[in-house]
Amino acid sequence: MAVRLSPLAKRQVEDIWLYTEDAWGEDQANGYVNGLFGFLETLPHKKHLWRAVPRESLRGAFCAPYREHIVFFRQLSGQTIGVLAVPHQRQDIPHRLRELLDDDGSDG
């Protein structure tokens, strides 16, 4: 199973790690981000968690919750997941989706 992060998703995962490390320490940050990647690797086998993104401009994109975050992604080929964004659930999701659309949108 392969996971490819868009540039936006990479920045968001880095921000997640930095915020968590600052608030709760390095071990907690490592655990959360490692757990996130473990979750991403299981997504192809957990399609019951997938929800289609109801936005025409993101046709074919799905989202799934991971703890305090929402993962936006596409299934690229076979077992490869292309992660588009990983905003916190309390963020303004419509705004984050606009940010995603303004980003280059590449999957890796």
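The values are calculated or read from the model by the stated rules, or taken from the named source; none is laboratory data. Note that this is a predicted model, so its numbers are computed, not measured. Cβ sites come from the backbone with ideal geometry, for glycine too, and all protein chains shown count toward neighbours.
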Yes/no for Leu36 being touching a His at 6+ places or on another chain (Cβ under 8 Å) and part of a helix (DSSP H, G or I): yes
Identity of the residue in segment 39-89, among the hydroxyl-bearing types (Ser, Thr, Tyr) and out of contact with any helix residue (DSSP H, G or I) (no Cβ under 6 Å at 6 or more places or on another chain), that ends up nearest to Leu8 (Cα to Cα): Thr80
Some residue of segment 84-98 being at pLDDT 90 or above, at negative phi and part of a strand (DSSP E or B): yes
Among residues of segment 3-26, those that are in a helix (DSSP H, G or I) and either polar (S, T, N, Q) or surrounded by 16 or more Cβ atoms within 10 Å (Cβ to Cβ) (or both), counted: 8
Filtered residue count, segment 1-25, keeping only those that are of a type outside the set (Lys, Arg), without any contact (Cβ under 8 Å) to a residue 60 or more places away in the chain and either in contact with a Ser or Thr (Cβ under 9 Å, 6 or more places away or on another chain) or under 13 Å from Val71 (Cα atoms) (or both): 0
Only listed residue being among the small types (Gly, Ala, Ser), surrounded by 11 or more Cβ atoms within 10 Å (Cβ to Cβ) and modelled with pLDDT under 95, chosen from Ala61, Ala29: Ala61
